[in-house]
Structures are given as C-alpha cells and as structure tokens.
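Below: one structure, written as structure tokens.
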C-alpha cells in the first residue's frame, strides 16, 4: 500500500509538471493566433486612432493580426465589462483611458472592479487638453472667451465624448476655476462630438489635440489655450492656460492597455516589453508628438500604481467640483 501511495504521489507530481511545462510552452509561443484589441469608445476618437497605430506595429512585429474592435456604450462600461469577462490568455486586450479610474467615482455599482478585475500592461500616451471654439464664437483669446461666457450664463454649450469623461471633468474644472456657466452636450464618442463642433451645432470643446489639431490648422476650429507646462510643437501659436492668464488647470489624459485579471505574467511582460519598443520607434514618436501626444512608457507595476493613485485623485476632484452625471 505504501508503494502504491508513493506511485500515486509521483504520478500526480509528474502530471503537475507536465501541466506547468505545457502552460510555459504556450506562453513562450504567444502569440500564435490573432489578438483582439478592443477600445470602449466609438470609432473616430483619439483612442481608436492610437489603437490602430499600436495594432499595426504589433502585427508587423509578431506576424499575427491584431484586430481593433470598438465596443462603445455606457460611458465605456460596456466595453470594459466585456474585457473583464474575457479569457485571461492574452488574446483579448483593451486600450482605454483614465475614464477607467473616473467611472468608479461616478457609478456606485459598476459590474467590475477597476483594480481587481484587470491586469495592467502599460500606458501608451499622456495628453494635455486644448480648448477650442467654433469660428462663429466671438472670442480670439482665453480672456475674451471667459468674459463672453460670463456675460451670458448658460448660453454657450460644449461638446464632450460623454458624461463623466475626462473632457467633461476638464471642462467642469475650467468652469469652477473661472466661474462661468455653460451647457453640457454629451455625445457617444469623440468623433460625433467633433463633427457637430466643426459644423457649429455646438460652440466649444475641451479635448485632446490628437482630435483637434488638423481642424485647428485648417481654420475650422479656433484654439484658445492648452493645458500643460509648455506649448506643443504641433501647435506653437496656442498658449498654455498659464500663459493665457489661468494657471493651475492641471488635468492630463492618459491612455493605457489592460488585460483581464489572471493573464499569465509572462504574457503581460511580453506585451509590455513590445509596447515599450513600439513607443520608442522614431516614426511612432514623431506621429504622436506631431498630434500633441507624449509617448508615455511605464511597466505593468508602475501602471498599477498610477491606477490606484488616480482613483483617489479623481474622487477628490469630483467631490470638490460637485460633478454629477446627466441623464
């Protein structure tokens, strides 16, 4: 009986070793089939543009197609919940933004936990915000715009990619700091908001330069100021808010890639290393900087710390600004 028990133990140990070896081999072979990179936004916005740039480079590097899939809705909740429920095998990842740490402070009953249910891979970019107006708005400087908005409280309206998004928070912070009152017009994605802004259906927008730069250069939109410590090389004539007389408006927008919780560390590390390599490529850096985007590389551990820190940061901001979601 003792010999039999020893044999059973040895067989179980061998099976465990085989399973571990099989898992290790699968991870070493990763990727051996197409990868799906989702984004919880509608097509046309800055996140989709960035996702396609990264996906193309991953496809070229690994010889496996990386397919970008937009899954908008619910202020990004639908797409994010879908990722949380995906198989943790590295074949479904998501490019998202700091809406990931904003939503938990606005929705008390999210169908996922922003920390526990995800495995951070790394950030991709850090973006400042630019305030633009339609050319029909009679203001050529930030101070002229503030005076105009104060003279007609609630008359001007602003477009965002959705209630509770980073653009919404940036605009609300601007309103609190200046004392202006404006009407919020939320859209289902940055692309739709941009179309109506260019068309003059809304007066202004507060979003990332990646979306606005071509239209600023063409004269379809007028830029008044940009956040951050320095002017952007792609928009050298646009002053910072500090230069324009409004210091302290500090709300950066990051974008990063997540996987479902439980994704093997070897796969996370491989994705992270490849992402860092892509972001260091001269052509990618040039494209990002031209559009007003700063390549932002960090490790999975650093990204995890950023998520936790920003959860607390936005909780304080939302409470201070008394931000409420609109129906």
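The values are calculated or read from the model by the stated rules, or taken from the named source; none is laboratory data. Since this is a predicted model, take the numbers as computed values, not measurements. All Cβ positions, glycine included, derive from the backbone under ideal geometry; neighbour counts span all protein chains shown.
Things to note:
- Residue match in the stretch 256-277 (condition: surrounded by fewer than 16 Cβ atoms within 10 Å (Cβ to Cβ) and over 24 Å from residue 89 (Cα atoms)): no
- Selection status of residue 139, touching a helix residue (DSSP H, G or I) at 6+ places or on another chain (Cβ under 7 Å), in the same structural domain as residue 270 (by TED's automatic domain parsing), surrounded by 18 or more Cβ atoms within 10 Å (Cβ to Cβ) and at pLDDT 95 or above: no
- Candidate set from the stretch 201-222 (those that are part of a loop (DSSP other than H, G, I, E, B) and touching a helix residue (DSSP H, G or I) at 6+ places or on another chain (Cβ under 7 Å)); member that is surrounded by the fewest Cβ atoms within 10 Å (Cβ to Cβ): 220
- Of the helices (runs of 4 or more DSSP H) contained entirely in the stretch 97-198, those carrying at least 2 residues that are closer than 26 Å to residue 50 by Cα fall at 99-102, 166-178.
- Criterion (within 14 Å of residue 122 (Cβ to Cβ) and assigned to a helix (DSSP H, G or I)) met by exactly one of 270, 308, 316: 270
- Residues in the stretch 76-115 that are over 26 Å from residue 269 (Cα atoms) and more than 14 Å from the chain's Cα centre (by Cα): 78, 104, 105, 106, 107, 108, 109, 110, 111.
- Any hit, the stretch 178-185, residues being closer than 13 Å to residue 130 by Cα and either outside the structural domain of residue 285 (by TED's automatic domain parsing) or surrounded by fewer than 23 Cβ atoms within 10 Å (Cβ to Cβ) (or both): no
- Scope the stretch 191-200; condition surrounded by fewer than 20 Cβ atoms within 10 Å (Cβ to Cβ) and in contact with a strand residue (DSSP E or B) (Cβ under 8 Å, 6 or more places away or on another chain); matching residues: 196
- Breaking point among (1) assigned to a strand (DSSP E or B); (2) surrounded by 20 or more Cβ atoms within 10 Å (Cβ to Cβ); (3) within 17 Å of the chain's Cα centre (by Cα), for residue 225: (3)
- Residues being touching a strand residue (DSSP E or B) at 6+ places or on another chain (Cβ under 9 Å) and under 30 Å from residue 92 (Cβ atoms) are represented in the stretch 140-161 by at least one member.
- Options 103, 70, 75; residue that is within 21 Å of residue 305 (Cα to Cα), crowded, with 18+ Cβ neighbours inside 10 Å and assigned by TED's automatic domain parsing to the domain that holds residue 39: 103
- Qualifying residue in the stretch 148-155 (condition: surrounded by 15 or more Cβ atoms within 10 Å (Cβ to Cβ) and either closer than 30 Å to residue 175 by Cα or in contact with a helix residue (DSSP H, G or I) (Cβ under 7 Å, 6 or more places away or on another chain) (or both)): yes
- Members of the stretch 275-300 found to be over 17 Å from the mean Cα position of the chain (by Cα), over 18 Å from residue 37 (Cβ atoms) and touching a residue at least 24 places away in the same chain (Cβ under 8 Å), listed by number: 290
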